Amino acid sequence: MKKLVKILIIIFITLIVIFSIIYIDYFNSKTNNTNPKLSVKVENENYILYKAIFYKVYYCKTNKKYVIADYDEEVVCPNNYEYKDGYYTNREGVKISKDKLQLLTNDGVYTAEMIENFKTDKDVNNALIVASEFGNIRFKIIDEEEDYNIVKFASFEKVKENYDWVYLEENEEYCLKGENYNYQKSKYDNEKCGKFEKIKMSEEWCNLYKNSTLVYVKGIENLCK
């Protein structure tokens with residue numbers, strides 16, 4: 001009996017160590033924009049896929065970004081678009097500036113096929129509402145507390161010759177709690193959280209996001225409740 005208990009304890013400790021290593025690897029990938037070390041690498045024309053145990057990570061070659069996804073999610077990397085005088089022209093003849101196109105495509109909010117199907121400037125502007133509002137709630141965890149995280153939200157900025165969501169040193173810190181896009185945030189000031197308020201998208205965003213890939217994101221509907 002004692003031998004069995006000892007074996008079970010060893011198995012339990014081993015499992016804790018294994019899951020701890022997996023979690024650290026996942027957290028490192030998510031926080032530092034890198035690939036998981038415990039994974040199988042699969043090379044593709046537009047991306048590199050890293051298959052970890054409970055998730056997968058895409059490295060998009062066109063924008064040099066890592067995207068974490070569940071195994072039932074598909075990630076679409078942006079195309080390598082050619083610009084003339086700072087604009088890309090889709091097959092419908094609609095011109096889209098480089099900053100706007102990268103806002104729409106960098107995180108796969110709109111696929112290449114969706115971009116080609118825009119028929120008017122209004123289609124582009126509607127898509128920009130979706131991509132920009134969603135990008136504004138992107139966050140980076142600065143510190144973890146028991147009931148909330150201290151985070152910084154992203155800003156869309158020019159980075160060398162391209163545009164991307166970045167976390168600036170001067171960006172304010174916030175307290176954030178919740179999951180699956182059912183978030184509440186408050187200002188973090190003098191090492192204290194203020195009054196928490198639910199993160200909710202505009203009515204316009206809620207009417208438009210279903211025409212993007214965000215419709216497949218788990219819990220995304222919570223942003224409209």
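Using the Kyte-Doolittle scale, find the helices of the chain whose mean hydropathy is at least 0.5 and whose Cα atoms extend 30 Å or more along the helix's long axis, counting only whole DSSP H runs.
Numbers: long enough: 2-32 (44 Å, 1.34).
Sorted by number, the helices that extend far enough and score high enough are 2-32.
Considering only Cα-Cα distances, which of the following residue pairs are longer than 32 Å: Lys152/Lys218; Lys56/Lys98; Lys119/Lys185; Lys84/Lys177? Walk me through the numbers before you get to the answer.
Numbers: Lys152/Lys218 22 Å; Lys56/Lys98 29 Å; Lys119/Lys185 37 Å; Lys84/Lys177 44 Å.
Violating the 32 Å limit, Cα to Cα: Lys119/Lys185; Lys84/Lys177.
Sum up the charges of everything whose Cβ sits under 10 Å from the Cβ of Ala52, counting Lys and Arg as +1 and Asp and Glu as -1, but leave Ala52 out. Walk me through the numbers before you get to the answer.
Details: positive: Lys37, Lys51, Lys56; negative: Asp25.
Net of charged neighbours comes to +2.
Which label belongs to the value computed from this structure, given these candidates for semi-axes √(5λ) of the Cα gyration tensor in Å: [x] 29, 21, 17; [y] 34, 19, 16; [z] 36, 24, 16?
Of the labelled values, this structure produces [z].
Would you calculate, for the chain, the mean residue ellipticity at 222 nm contributed by helices, counting each DSSP H stretch of 4 or more residues as -39,500 (n - 2.57) and dividing by all residues, to the nearest 500?
Numbers: 5 runs with 65 residues, N = 225.
After summing the helix terms and dividing by residue count, I get -9000 deg cm²/dmol.
What is the magnitude of the charge dipole of segment 13-164 about its Cα centre, with +1 placed on the Cβ of each Lys and Arg, -1 on the Cβ of each Asp and Glu, and no other charges, expressed in debye to the nearest 20? Intermediate results must be reported in sequence, preceding the final value.
Details: 20 positive and 25 negative charges, 111 e Å.
Here segment 13-164 has a charge dipole of around 540 debye.
Mind running the shape call on segment 146-210? Use the C-alpha gyration tensor, a ≥ b ≥ c as the square roots of the eigenvalues: rounded below 1.5 for a/c, prolate if a/b tops b/c, oblate otherwise. Before the final figure, lay out the partial values.
Numbers: a/c = 2.44, a/b = 1.14, b/c = 2.14.
Cα axes put segment 146-210 in the oblate bin.
Any read-out appearing in this document is the output of simple, stated calculations on the displayed coordinates, not a laboratory observation. Just so we're clear, the structure is a prediction, and the values are computed from it rather than from any experiment. Cβ atoms come from the backbone with ideal geometry, glycine included; neighbour counts cover every protein chain shown.
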